[in-house]
1. Return the distance in nm (one decimal) between the two label points of a simple spin-label model at residue 71 and residue 137, each offset 7 Å from Cα along Cα→Cβ.
2. Cβ neighbours within 10 Å, averaged per peptide: list 68-74, 112-118 in order, most packed at the top.
3. Ranked by Cβ crowding within 10 angstrom, fewest neighbours first, how are 238, 200, 138, 249 ordered?
4. Can you give the extra length, in nm with one decimal, that the chain gains between residue 237 and residue 41 once fully stretched, where that is 0.36 nm per residue apart less the Cα-Cα distance?
5. Which order, highest average first, do 80-93, 122-135 follow once you tally other Cβ atoms within 10 Å for each residue and take the mean per peptide?
6. In nm, what is the difference between 0.36 nm times the number of residues separating residue 124 and residue 87 and their Cα-Cα distance?
7. Work out how much length residue 197 to residue 175 would gain on full extension: take 0.36 nm times their residue separation and subtract the Cα-Cα distance, in nm to one decimal.
8. Between residue 117 and residue 79, what is the label-to-label distance in nm when each label sits 7 Å out along the Cα-to-Cβ direction?
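Every number in this text was worked out from the coordinates using simple rules, so none of it is lab data. Note that the coordinates shown come from a computational prediction; the quantities given were computed from them, not determined experimentally. Note: ideal-geometry Cβ built from the backbone for every residue, glycine included; neighbour counts use all protein chains shown.
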């Protein structure tokens, strides 16, 4: 469980504001009492509103315009939905490159939407092996849905992609769109990935706004997938009805492929 807190510390007689993120974890599956507690503290910049009620309102206001556009988005195309989210995140965060990254059934990933600043090589349509994002990393994305690296100078895949700063948002949907059970399992459908060629720090209120936006986007992706599944089942039922009707009429049938 995560909780957003505001904390004041006294150092050298001065008061400092911090945004805090509290992580409760258990070592035994199903255990009620937490076995460990981790608290992340991040200094609040002078121009930021602390993470109190007003700070949370500021975070929502950051994302309000983007959420409004997604709400007015006509259903029927996940591709257009992904194009919209990368545009909104691009305007919201100012990163050099924003990508919508989808995981396929065999766990490999594909860049299905992208927006970049001028002069950058496009990655849209690129496919990456499942090992590019290991299962351990995917598990962490399910737990912590917004992750940031401000400055990464180590030799890794980010450097190979000419990026040393990133912000990644998880897109989590229901695992079985055919099942109407309220206790649905969740799965990682994809990621919204932000890359920058220079070090970049995103303050907590803006990251919280990205979390709002990612949750809203995940809900819309889930609805689109459920609609696709409904249309597919409806078409199958229509085809079965036609074949049954022809059989009842004793009409010769043939399949041409």
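1. With each label placed 7 Å out from Cα toward Cβ, I get 3.5 nm.
2. 112-118, 68-74
3. Fewest-to-most Cβ neighbours within 10 Å comes out as 249, 238, 138, 200.
4. Difference between extended and current length: 65.0 nm.
5. Highest mean packing first, the order is 80-93, 122-135.
6. 11.9 nm
7. Working it through step by step, the gained length comes to 4.4 nm.
8. Calculated label separation equals 2.9 nm.
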